[in-house]
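What follows is one structure encoded as structure tokens, with my remarks underneath.
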Number of protein chains: 2
Amino acid sequence: MQNRITDTLKKHQLSITDSRKKILSFFLESGSALAHADIEVKSSTEFDRVTIYRTLQTFVEKGIIHTIPTADNSILYALCKDDCVAGHHHDDHVHFICDECASTYCLDHVSIPKVKLPKGFTVVQTNLVVSGVCNKCEQ
Amino acid sequence: MQNRITDTLKKHQLSITDSRKKILSFFLESGSALAHADIEVKSSTEFDRVTIYRTLQTFVEKGIIHTIPTADNSILYALCKDDCVAGHHHDDHVHFICDECASTYCLDHVSIPKVKLPKGFTVVQTNLVVSGVCNKCEQ
DNA sequence: TACAACAGTGCAACCATGTTGCAAAATATT
DNA sequence: AATATTTTGCAACATGGTTGCACTGTTGTA
């Protein structure tokens, strides 16, 4: 596990620091998407707020994580799949928010269906967020 | 025009005030979605920031406007169609953001295609935001 | 139309979230 | 191990949004 973390950081030409290792481990352990606030709570004053912001920013730039827009106007971050490279994310998949446990998942294998727009509108990007009940909360 | 505005306010059991009339008129005139900041600029210090926030909140509660989640993490507001009632919005249509002019449109007549989720996931709501070039910016 | 009851507004103060500059500390390089 | 570079923590700031309270405008009734 620790190896995987340092390997990932090295692969993206980032120096190995405590905060980066810890924050990356949170993502690997959780499996679902995390907000800045989640990380702040998990690390409980171990790192400065600013460090967390900057680390997340760096991870996004390097293609380790990507952002997810949400309906309630907060930013979420989730691990990218391996084929994301710096500056070019492959994040055009469906995102799912569970109404029960509030977790957000990237459904990497569900692609967004094409939509037909009125005349004169050209599609560049589509973003689909689905909410409901996830497979863990289902009884 | 003025009649339409006061009628709408009366229909939703709201008292007729200057700020409500003015803010509602902005929506009717613009046709596209507006952010809090847009309204603040348009009304240039005529009303307090807080009044604008509260008016928008009231309009959302009464079903006059609805919110649109955006990728850049700001809240947009747009007029509801007539069949929206207080507490129950019919806002499950596609939203379109123009990359050129930054306007946001509700494409009321484009419905969101059904997506098939992995086993165990139940869909309650879907939200689709498309970005690209709108019909006004198209050459 | 006048007046009381009520709803809506403006102000000030506050909170949450995110950003920037700079000195100190940690990491990487030789 | 010593230096160059990167990262961190702190303080201060910026923005977006909320709350409490006194004041003002709107509404319904007489």
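The values are calculated or read from the model by the stated rules, or taken from the named source; none is laboratory data. Keep in mind that what you see is a predicted model, and the values were worked out from it rather than measured. Quick reminder, even Gly has a Cβ in these numbers, built from the backbone with ideal geometry, and neighbours come from all protein chains shown. Only protein heavy atoms, including side chains, enter the accessible area calculation; ligands, DNA and RNA are left aside. Shrake-Rupley method; radii C 1.70, N 1.55, O 1.52, S 1.80 Å.
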For the protein assembly as shown, place one equal point scatterer on every Cα, skip the solvent, and apply the Debye formula. What is log10 of I(q)/I(0) at q = 0.08, 0.10, 0.15, 0.16 Å⁻¹? -0.42, -0.64, -1.19, -1.27
How many square angstrom of accessible surface are buried between A and B, both sides summed, with a 1.4 Å probe and rounding to 100? 2700 Å²
Whole-Hz ³J(HN,Hα) from phi, Karplus 6.51 cos²θ - 1.76 cosθ + 1.60, for the range A:123-139, glycine and proline x: 7, 10, 9, 10, 9, 10, 10, 10, 10, x, 10, 7, 6, 7, 8, 5, 9
GNM flexibility winner over chain A from A:Cys106, A:Cys98, A:Cys80 (Cα, springs under 10 Å): A:Cys98
Using only DSSP helix segments of four residues or longer, with each worth -39500 (n - 2.57), what per-residue ellipticity at 222 nm results for chain A after dividing by its residue count and rounding to 500? -10000 deg cm²/dmol
Calculated on alpha-carbon atoms, Rg and Dmax of chain A in Å: 16.3, 54
If you count only protein heavy atoms with a 1.4 Å probe, what accessible area per residue comes out for the range A:2-132, rounded to a whole Å²? 55 Å²
Just the number, please: carbon plus sulfur as a percent of the accessible area of the range B:2-132, 1.4 Å probe, no ligands or DNA/RNA counted. 47 percent
Would you check chain B for Lys pairs whose C-alpha atoms are within less than 26 Å, ignoring same-chain pairs closer than 8 in sequence, and give me the count? 23
With +1 on the Cβ of every Lys and Arg and -1 on the Cβ of every Asp and Glu, and nothing else charged, how large is the dipole of the range A:2-132 about its Cα centre, in debye rounded to the nearest 20? 420 debye
Anyone know which of A:Ala102, A:Ala35, A:Ala78 comes out most mobile in the 10 Å Cα GNM of chain A? A:Ala102
Compactness of the range A:3-56, expressed as Rg and Dmax over alpha-carbon positions, Å: 10.8, 28
Can you tell me which of A:Glu40, A:Glu61, A:Glu29 moves the most in a GNM of chain A? Springs connect C-alpha atoms under 10 Å apart. A:Glu29
Placing +1 at every Lys and Arg Cβ and -1 at every Asp and Glu Cβ, with all other atoms neutral, what dipole size does the protein assembly as shown have around its Cα centre, in debye to the nearest 20? 160 debye
Name the residues whose placed amide hydrogens come within less than 5 Å of the amide hydrogen of B:Ala35, ignoring near sequence neighbours (fewer than 5 apart) on the same chain. B:Tyr77
Please compute, for peptide A:96-109, the average count of beta-carbon atoms on other protein chains lying within 10 Å of each residue's beta-carbon. 2
Quick check: net charge around B:Thr17, other residues with Cβ under 13 Å of its Cβ, Lys/Arg +1 and Asp/Glu -1? +2
